[in-house]
Amino acid sequence: MGDPRFASTAILLARHSKEGAMGLTINRPIGLRPRADLLRAIGEDASGVDGEIRIFAGGPVQSMLGFVLHESTYRRAGTFDIDGHVAMTSNHEVMLDICHNTGPQKYLITFGYVGWGPRQLEGELAAGAWVTAADNPELVFDEDRAKVWDAAMARARRGP
């Protein structure tokens, strides 16, 4: 790709239409943050909330905008089903549910996203800038983050 921000980056493509595409990076952890800090940052009461939560850099676009990838069995207003196994929600209530241990069991919290304009992704794919692999919930939620890139590349070599 030539852009160092995308070197060895695994991106889950969440939406793709004639208007463009958007995805979330799934292998760039930023670090652990206190759950209470996350709640306060979105203007919610953090009373009684403890523990930490891992945060990811979802991409370079709008890095203050939060998204949660989660198992598709969890639903809130605005939940978008990606593939029947993985869904995405940006509604702040998902953060409340996660911090209060009432949300999805499997999730990945990101800030920012990767975006492409109309036909941009198609052009980059045709130029060989990206390698594609079928997604899989284990890759999104369970795989050791340090191994996601290698696991995705192995899936790409195997094919669908």
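Details
- Those residues of segment 29-57 which are farther than 17 Å from K106 by Cα and part of a helix (DSSP H, G or I), in sequence order: A36, D37, L38, L39, R40, A41
- So D150, is it loosely packed, with under 12 Cβ neighbours inside 10 Å, of a type in the set (D, E), over 19 Å from A14 (Cβ atoms) and free of Cβ contacts under 8 Å to residues at least 40 places away in the same chain: no
- Spans of helices (runs of 4 or more DSSP H) in segment 58-160 with at least 1 residues within 22 Å of P29 (Cβ to Cβ), modelled with pLDDT under 95 and over 16 Å from the mean Cα position of the chain (by Cα): 92-99, 148-158
Residues are listed down the side, and each one gets a yes or a no for (1) over 23 Å from W130 (Cα atoms); (2) without any contact (Cβ under 8 Å) to a residue 60 or more places away in the chain:
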position	(1), (2)
L32	yes, yes
D45	yes, yes
S72	yes, yes
F80	yes, no
D83	no, yes
A87	no, yes
N91	yes, yes
L96	yes, yes
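- Selection within segment 9-37 - within 22 Å of A156 (Cβ to Cβ) and of a type in the set (A, V, I, L, M, F, W, C): A10, I11, L12, L13, A14, A21, M22, L24, I26
- Summed over segment 1-28, the residues that are surrounded by 12 or more Cβ atoms within 10 Å (Cβ to Cβ) and in a strand (DSSP E or B) give a count of 12.
The values are calculated or read from the model by the stated rules, or taken from the named source; none is laboratory data. From a predicted model like this one, the values you see are computed outputs, not experimental measurements. Every residue, glycine among them, receives a Cβ derived from its backbone with ideal geometry; neighbour counts consider all protein chains shown.
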